Amino acid sequence: MSLVCILYALVCLPAVFSAPTIAPRATILGPQPPHFVAYTDESAFGIPAASDLVGYNTLILSFLLASGPADQAGAWTGLSPQQRASLKAGYKANNITLLVSAFGSTESPTTDNNDPTAVAQQMANWVKTWGMDGIDVDYEDFEAVGKGSAVAWLTTFTQVLRDNLPAGEFVITHAPVAPWFGQGQPYAQLNKAVGNLIDWYNVQFYSQGLAYTTCETLIFSSGGDFPGTSVLEIVNSGVPQEK
C-alpha cells in the first residue's frame with residue numbers, strides 16, 4: 001500500500017532573475033510508490049539540498065500562483081543558474097523528483113474567474129522553463145466547490161496541463177483535502193473524469209477537526225462527518241492504491 005508522508009519545512013528566499021534557457025529534456029518517470037513527499041514553503045533556510053531530504057523521494061516547492069511564483073517557487077527563480085544546476089544534480093543523484101505546488105490556500109482560481117486553459121498553459125510553461133519535473137495541484141477553492149463549479153474547472157485545467165506536460169516526461173499530482181473524495185464530492189468525480197492523467201494524490205488528512213486522528217479513522221473507516229474517506233476507503237472507491 002502506498003502512503004504519502006508530507007513534511008512542511010518552511011523555507012523561502014526572495015528575488016527574481018531572468019528565466020533560464022530551456023535545455024533538452026530527458027525522460028522523467030518520477031518515483032515509484034511509496035511516495036515520501038516534502039513540501040517547502042517560506043522561511044530563512046533556503047531551498048533544501050538533497051542532503052536535507054534523506055528518506056524523501058519528492059520535493060515540492062510552494063507556491064506557483066496564477067499571478068506568478070511566490071514563496072519557494074519565487075526563491076527558485078532567484079537562484080543563479082549554477083545554484084539551480086547544483087541542486088538539481090543532487091536531487092537526480094538521490095532519485096528525488098522536484099515539483100512546484102500550484103495555488104494553495106491563498107488563491108481561489110475558479111472563484112476569481114481565471115481561465116483554466118490559460119492558467120494551465122502558463123503554469124506548464126513555468127514548469128518547463130524553470131526545470132521542474134512536474135507540478136502538484138493544491139486546489140483549495142472551497143467557494144467553487146460549494147457552488148459546484150470546481151470539477152469542470154479542474155477537469156479542463158488537468159487536461160491542458162497533461163497536454164503540455166506529457167506523461168512519462170513530467171509528473172502531475174493533486175493535493176486535495178480528504179473529504180473531497182467522499183461520495184459525490186469533487187475529487188471522487190474528478191478521479192473518474194481525469195484520474196488517468198494524474199500520477200498520484202498527496203491527500204491532505206490534517207486540519208479536519210477530529211477526523212482522521214486515529215489509526216482506525218485515518219486508514220480503515222473515517223466515519224463521522226466525512227464517511228468513506230479514510231485511506232483504504234478511498235482506494236476501495238476506485239482510486240488505485242499506487243496513487
Mind checking which pairs have a first residue in segment 142-163 that is closer than 14 Å to Pro176 by Cβ and a second that is of a type in the set (Ser, Thr, Tyr), Cβ under 7 Å, 6 or more apart or different chains?
Ala144/Ser108; Ala144/Thr110; Ala144/Thr111; Ala150/Thr110; Trp153/Thr110; Leu154/Tyr139
Taking the residues in segment 132-156 that are of a type outside the set (D, E, K, R), under 16 Å from the mean Cα position of the chain (by Cα) and more than 14 Å from Ser101 (Cα to Cα) as candidates, determine which candidate is surrounded by the most Cβ atoms within 10 Å (Cβ to Cβ).
Leu154
Residues within segment 148-193 that are hydroxyl-bearing (Ser, Thr, Tyr) and touching an Asp or Glu at 6+ places or on another chain (Cβ under 6 Å), tallied:
1
What is the residue count in segment 192-243 for residues that are assigned to a loop (DSSP other than H, G, I, E, B), hydrophobic (A, V, I, L, M, F, W, C) and exposed (fewer than 14 other Cβ atoms within 10 Å of the Cβ)?
1
Output the qualifying pairs, or none if there are none: Cβ atoms under 7 angstrom, residues six or more apart or on different chains, first residue in segment 217-236 and within 17 Å of Gly195 (Cβ to Cβ), second residue of a type outside the set (Lys, Arg) and part of a helix (DSSP H, G or I).
Thr229/Ala178; Thr229/Pro179; Thr229/Phe181; Val231/Leu218; Val231/Ile219; Ile234/Phe181
Output the residues belonging to segment 66-113 that are hydrophobic (A, V, I, L, M, F, W, C), touching a helix residue (DSSP H, G or I) at 6+ places or on another chain (Cβ under 9 Å) and surrounded by fewer than 20 Cβ atoms within 10 Å (Cβ to Cβ).
Ala66, Leu79, Ala89, Ala93
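Every number here is computed from the coordinates shown, using simple stated rules; none is lab data. Treat the numbers as computed from the prediction; the structure is a model and nothing was measured. A quick note on method: Cβ atoms are made from the backbone with ideal geometry, for glycine too, and the neighbour counts reach across all protein chains shown.
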